[in-house]
Amino acid sequence: MIPFGLTSRSALAVQAVLTVAVSLAVLSLIGAPVLAVQTAAYGIGGLAALALAATSGAPGPRVSVGVMCFAFVLVLISLAGPGIEGVRRWMAVGPVLLQPAPLVLPLIAWVLAVRPAGWPVAALAAGVALLFAAQPDPAASAALAAVIAAVVITRRRATPAEIGVLILSIAAFAWAVTRPDPLAPVNHVERIVLAAWAAEPAAGIAAAVMLALVPAPFLIRALRRSTGGGPALVHALAALWVVLVLASLTQRFPAPAVGYGASFVIGWLMSLGLLARKRAAVEVRTWAISPGGGKV
């Protein structure tokens, strides 16, 4: 049995602080630009994590639809935002470019996990999947498909709407992979571990360890509750961050929380906040439902 202390709030806070320290030290070592933005992202993400950790229970049907609408609109904005060589994954917030995907994926995981999804939520999730593929962003597409699959597998059954959006998200991922992605990797974003190793081997090891630990709290909680059919939210968050970390190993996608990028920092800290919620272990688990699914 894995002790709860390994994913207690204090342990999550310690990991977050260590990740901040290692990330900023490594970025400074390799000469990353505008560290003030990264530092601010940790502050904003920390506040968001505290806000989410203070919540209890599950979002209601209207809130769930509202969150999904927010996610859809945010990703849609990126398609009209500043593109780089035909790739459109970012939106401009003043002088800063934010990537919506890591910001909305934890919220989508939360909404999909708390209760069986009906057609409105599933349709919005399908729309997000298509937008990720249109950007294109294979990593985000894979992460969304993994989140939906984790929810379905954890419950051991799915509504027709969930089956439909799972199939569509897998198809969207396949489409995203086939689309051209000419972006070259950047040392302080995608190649952070190798760049840190080249500058100082100890820094490279530290960066690699912290990157490997990014999904650890979610995996530990998922394993600890696996015998009891643990909550779908924990499994969905574990799937999300495992996929994003694995994607970063290709050096085509950002290294979450460790590499430069405000959006991934905020999204990861938001996920830790969801994990730290007082009733994170008491989300909807039973799902003997009618073929028509839930209300949302």
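The values are calculated or read from the model by the stated rules, or taken from the named source; none is laboratory data. Computed from a predicted model, the values in this text were never measured in an experiment. All Cβ positions, glycine included, derive from the backbone under ideal geometry; neighbour counts span all protein chains shown. When the accessible area is computed, the model is the full protein with side chains, heavy atoms only, and any ligands, DNA or RNA have been set aside. Shrake-Rupley method; radii C 1.70, N 1.55, O 1.52, S 1.80 Å.
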> Restricting to the range 63-100, what's the tally of residues that are free of Cβ contacts under 8 Å to residues at least 24 places away in the same chain and not small (Gly, Ala, Ser)?
Replying inline: 9
> Has the range 106-119 got at least one residue that is at pLDDT 90 or above and closer than 28 Å to ALA36 by Cβ?
Replying inline: yes
> Of the residues ALA145, ALA123, ALA174, which is in a helix (DSSP H, G or I) and open to solvent by less than 50 Å² (accessible area, probe 1.4 Å)?
Replying inline: ALA145
>> Of all residues being in contact with a Phe, Trp or Tyr (Cβ under 9 Å, 6 or more places away or on another chain) and in a helix (DSSP H, G or I) in the range 155-171, which is most open to solvent (accessible area, probe 1.4 Å)? Just the residue, please.
In response: PRO160
> If you scan the range 20-38, which residues turn out to be over 16 Å from ALA198 (Cβ atoms) and small (Gly, Ala, Ser)?
Replying inline: ALA21, SER23, ALA36
>> Looking at the structure I just gave you, is LEU74 open to solvent by less than 30 Å² (accessible area, probe 1.4 Å) and at pLDDT 95 or above?
In response: yes
> Pick from the range 53-68 the residues that are over 19 Å from PRO116 (Cβ atoms) and open to solvent by 40 Å² or more (accessible area, probe 1.4 Å): which of them is modelled with the highest pLDDT?
Replying inline: ALA54
> Looking at the range 225-253, which of the residues that are of a type outside the set (A, V, I, L, M), open to solvent by less than 20 Å² (accessible area, probe 1.4 Å) and over 10 Å from the mean Cα position of the chain (by Cα) is modelled with the lowest pLDDT?
Replying inline: GLY230
> Within the range 100-120, which residues are buried (at least 24 other Cβ atoms within 10 Å of the Cβ) and over 21 Å from VAL234 (Cα atoms)?
Replying inline: PRO100
